[in-house]
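Beneath this line is the structure, given in structure tokens, with notes to follow.
The values are calculated or read from the model by the stated rules, or taken from the named source; none is laboratory data. Just so you know, these numbers come straight off a predicted model, no measurement behind them. When we count neighbours, we look across all protein chains shown, and the Cβ atoms used for this are built from the backbone with ideal geometry, even at glycine. For the accessible areas, the whole protein counts, side chains as well, though only heavy atoms, and no ligand, DNA or RNA atoms are used. Shrake-Rupley method; radii C 1.70, N 1.55, O 1.52, S 1.80 Å.
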Amino acid sequence: MRILWDFDGTIMDTYPAYTDILYDILNGNFTKEEIYQQLKISQSHAMDYFQLTDEQRKEMIEKSRAITNYTPFPYVENVLQQAEVNVIMTHMNRASVERILQETDLAKYFTEIVAGDDGFARKPDPAAYVYLHERYELDYAIGDRELDLIPAKKAGFKTIMFQNDCDVADYTINDYHHFFDLIP
């Protein structure tokens, strides 16, 4: 099995930390549940939705980059261990992704990372997915947002939605413990 992974919210459980940051920036004027729902669409969407000022946007980005308590989702390492090839396509900058993977001892599982500062167009543009698919003949793409799966469909491989729902997904999973029971 050859898998393309999204990073935030798919490998790493980052949304609770992002939610806390935005909750503080918004002075508790919105519920954490509402903030979380908007962040699950995208961070830029949430910043637009809550009408953050330029100063607040800068604060959100800086505090997000400063997070140090990244935690991989339970059992994700089991899936990584059993896959023949794992690659990442993320909007996060390369230095942060590599640091987090080293700190969580997951770097050894990844053959290649395409990061936000590598010059590819942002999702849902499929260019990075096509590049990775051509290099590694990927079987699946797994992400937590529709935005992660649209380019995978365009590039021609199966899609797995993690902890969310969308029409683009071929499969939907809520945890990695039963991954191989659900994914052929």
message = If you fit an axis through the alpha-carbon atoms of helix 94-103 and take the longest principal axis of the Cα set of the chain, what angle between them do you get, 0 to 90°, nearest 10?
response = 80
request  = On the full set of protein chains, 1.4 Å probe, figure out the accessible area of Ile35 and give it in Å² to the nearest 10.
outcome  = 0
key: Percent of alpha-carbon pairs separated by more than 19 Å within the range 1-99   = 46
query = Which longest run of the chain has no exposed loop site in it, a site being GluC sites (Glu not before Pro) in a DSSP loop with at most 14 other beta carbons within 10 Å, and the site itself not part of the run?
reply = 1-83
ask   = Excluding ligands, DNA and RNA, what is the solvent-accessible area per residue of the chain at a probe of 1.4 Å, expressed in Å²?
value = 50
Virtual spin-label span in nm between Asp181 and Gln82, 7 Å along Cα→Cβ = 1.1
request  = Pop out the carbon and sulfur fraction of the accessible area of the chain as a percent, whole number, probe 1.4 Å.
outcome  = 45
request  = Determine the relative contact order of the chain: mean sequence separation of Cα pairs under 8 Å and six or more apart, normalised by residue count, in whole percent.
outcome  = 24
ask   = With a ≥ b ≥ c the root eigenvalues of the C-alpha gyration tensor of the range 131-184, is it rounded (a/c under 1.5), prolate (a/b larger than b/c) or oblate?
value = oblate
query = Which net charge results for the neighbourhood of Ile25, defined as the other residues with beta-carbon distances under 13 angstrom from its beta-carbon, given Lys and Arg at +1 and Asp and Glu at -1?
reply = -2
query = Considering only Cα-Cα distances, which of the following residue pairs are longer than 29 Å: Lys63/Lys154; Lys58/Lys153; Lys32/Lys58; Lys40/Lys158; Lys32/Lys158; Lys108/Lys153?
reply = Lys63/Lys154; Lys58/Lys153; Lys32/Lys158
ask   = Using the alpha-carbon atoms, what tilt in degrees (0 to 90, nearest 10) does helix 146-155 show relative to the longest principal axis of the chain?
value = 30
inquiry  = Taking the Cα centroid of the range 1-60 and of the range 71-97, what is the distance between the two, rounded to the nearest whole Å?
reply    = 20
key: Helix 15-25 axis, angle to the chain major axis (alpha carbon atoms, nearest 10°)   = 20
key: Within straight-line cross-link reach of Lys123, aspartates and glutamates at Cα separation under 15 Å, skipping those fewer than 8 residues along the same chain   = Asp6, Asp8, Asp144, Glu146, Asp148
remark   = Taking a ≥ b ≥ c as the square roots of the Cα gyration tensor eigenvalues, with a/c under 1.5 meaning rounded and otherwise prolate when a/b beats b/c or oblate if not, the chain comes out prolate
